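Taken together, the values in this text are just the output of simple stated rules run on the coordinates, not laboratory data. The model shown is predicted, which means the values in this text are computed figures rather than measured ones. When we count neighbours, we look across all protein chains shown, and the Cβ atoms used for this are built from the backbone with ideal geometry, even at glycine.
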Amino acid sequence: MAERYWVGGTATWDATAGTKWALTSGGAGGQAVPTAADNVYFDAASGAVTVTLSGARTCLNFSSAGFTGTLTSTGTIAVSGSATFGAGGTYSNTGTWTFNATSGTSNITTNGKSLSFSMVFNGVGGAWQLQDALTLGATNSVTLTNGSIDLNGKNLTCGILSSNNSNTRSILFGIGQIYLTGSATTIIGMNAATGYTTSGTPIINCTYSGAAGTRTIRFGSTSGASETNVFSLNITAGTDILSMSSSSYKTVNYTGFAGSISSYDITLYGGLTISSGMTLGAASSKFTFAATSASHNITTNAKTFDFPVTFSGNGGTFVFQDALTLGSTRALTMTAGTVKLKNGVTSTVGNFVTTGATSKFLESSLAASRATLSQASGTVSVSYLTIKDIDAIGGATWQAFTVNNNVDAGNNTGWDFAYQLGRYIFTRRKNKRILL
C-alpha cells in the first residue's frame, strides 16, 4: 500500500502517470498511477484545478478533504475502502463509483456535498457506513449487489434504488430513511428480494412532485419478500402514474399523492392510507393485508375500492379509520386475522366472504358501538368467524350459523346464528336442539 497525492494541476486522471502523483501532499510528482492498494488524496496542495476522470480508475481509500477544485467527466472509480468528499470541492463527475470492500466497515463522508454520480456497493462481506447524509441526483442510482449499507441514522437520497438479485445483502436503517427523487422509471427495482435483510425502521419516501410518465416500484415481485424484510412506503407527491403490482410492502401512505395507480396485486404487512386526491381505478387484482401481529390502520378517504380486498394475516388486526366501500362486484375476503370496521358508519361490499378453518374476528373499531356492514343482495354464509358489534344490512341474507364454527360475541343485528335442519332448529345457545 502507498499514498498518492494529486499534484498534476488541471489534467486527466488516466492510466498515464506523468508528474501527476506524489508520495506526500504537495510533493514531487512522478509516482505511479494509483492502484486498488493505494490511498488517493486530493487536498489543499492540489490547488483549485479541474481533474478529468478517464477510464476505469481504482484506489483503496479516497479523500478530497481540503480540495477546492473539480472532479469531472465520465470516468469510473472502484474504491476498495472508505471515501471522504471535501466540503470545498465540486463533484460533477457522472461515471459510476463502485465500492467493493470485502471485509471490515468502510465509511462514506460527504460533508454536505451533493454528488452527481451513481453508486454500486458490491463486496461480498463488505459493509459501508454513512457518516453524514448521502445525496445523489434525481437520475442517479444506488445499487446494492453484495454487502451491507448502514445508514447510521442518516438519510440517503437518490433517484433510484436497485438490488435485484439473490445475494446476501442488507440495509440497516436504524432511524435513517431513504428518499427517492426519480421519475418516469423504475425507482425501486428489487423484484428478487431473496437474500435481502433489513433492520431498524425501514422507510422509503418517494418525493417526485411532477406529472411525467410512470414510476415503477417493485419489491419481491418474483421472490424473497417476507414480513421481516419489507419496508414502508410514503408516496408524498406527484400527479403521475404508479405501477406497484405483484409486490410486498409494510405500511403504504399516499398522503400528498394526486396521481393514479395503474395496477394492484399488492401485499401489505402493515397499514394503508389513501390520499383524497388520488385515483383508484377498477381492477381484478387485489390488496392483501397479511400482517401477523400488531394493529394496523386503514384510511380510505372516501375512495371506492373497485378491486378485491383480502385479509389473511393470522394474528394481525386491521382497523378502519373511516368507511370501506368496495365496488358492487368486489369481494371482501377474510381468511385470518381481525378486521375492525369503523364504528358509526356504513361499510359497503359487493360480497363478504370467509374461507378456511382459521379463526377470524369481525368487530367494530369501538367496543359497544356498532359498525354497519352492507351487501346489496345474495346470501352471505360465513364460517369460523367471531362477530361483535356489527349491524348487517342491505338486501343480502346474513348467515353465521354456530354449527359452522361462528360465534355471536354480542351486540350484533341482522345476523342469523341459528339454522333449521329436518325437524330440528339448532340455536347459538350451546347448540341446543328444540323439537318442532
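For the reader, a short list of remarks on this structure follows.
- Integer Hz, Karplus 6.51/-1.76/1.60 couplings in order for the stretch 176-186, x for Gly and Pro: x, 9, 10, 10, 10, 9, x, 8, 6, 6, 7
- Residues whose amide H comes within less than 5 Å of that of Thr12, counting only those at least five positions distant or on another chain, are Thr52 (H built at 1.01 Å from N in the peptide plane).
- Under a 5 Å amide H cut-off, with hydrogens placed 1.01 Å from N, His296 pairs with Thr317, Phe318, Val319 among residues at least 5 apart or on other chains.
- Estimated FRET transfer efficiency (Ala17, Thr197; beta-carbon r; R0 41 Å; 0.05): 0.40
- Shape call, the stretch 251-347: gyration tensor on alpha carbons, a/c limit 1.5: rounded
- Just checking the listed ones, Ala83, Ala56, Ala371: in the Gaussian network model of the chain with Cα springs under 10 Å, the one fluctuating most is Ala56.
- The string of couplings for the stretch 315-329 from the Karplus curve (6.51, -1.76, 1.60, θ = phi - 60°) is x, x, 10, 10, 10, 6, 8, 7, 5, 9, 10, 9, x, 5, 10 Hz, one whole number per residue in order, with x for Gly and Pro.
- The mean sequence separation of alpha-carbon pairs under 8 Å and at least six residues apart, normalised by the residue count of the stretch 289-436, gives a relative contact order of 14 percent.
- Using a Förster distance of 56 Å, the FRET efficiency for Thr74-Thr292 (Cβ separation, nearest 0.05): 0.70
- The label point for Ala44 and the one for Val345, both projected 7 Å from the Cα toward the Cβ, are 6.3 nm apart.
- Subset of Lys250/Lys342; Lys154/Lys286; Lys250/Lys360; Lys250/Lys388 violating a 25 Å alpha-carbon distance limit: Lys154/Lys286; Lys250/Lys388
- Computed over the chain with a Gaussian network model linking Cα atoms closer than 10 Å, the most mobile of Tyr419, Tyr91, Tyr249 is Tyr419.
- For the chain, radius of gyration divided by Kirkwood radius, i.e. Rg to Rh on alpha-carbons: 1.17
- Rounded to whole Hz, the Karplus (6.51, -1.76, 1.60) HN-Hα couplings of the stretch 59-76, x for glycine and proline: 6, 8, 9, 10, 9, 10, 4, x, 6, 10, x, 10, 9, 9, 6, 10, x, 10
- With both labels modelled 7 Å from their Cα along Cα-to-Cβ, the Thr222 to Thr168 distance reads 2.2 nm.
- Each Lys or Arg adds one and each Asp or Glu subtracts one; over the other residues with Cβ under 15 Å from the Cβ of Thr181, this totals 0.
- Projecting label points 7 angstrom from Cα along Cα→Cβ for Thr304 and Val353 puts them 2.0 nm apart.
- Database remark: amide H of Gly137 closer than 5 angstrom to the amide H of Leu115, Phe117 (H placed geometrically; neighbours at sequence offset of 5 or more, or on other chains; Pro and chain starts carry no H).
- Between Cys206, Cys59, Cys158, the Gaussian network model of the chain with springs among Cα atoms under 10 angstrom shows the greatest mean-square fluctuation at Cys59.
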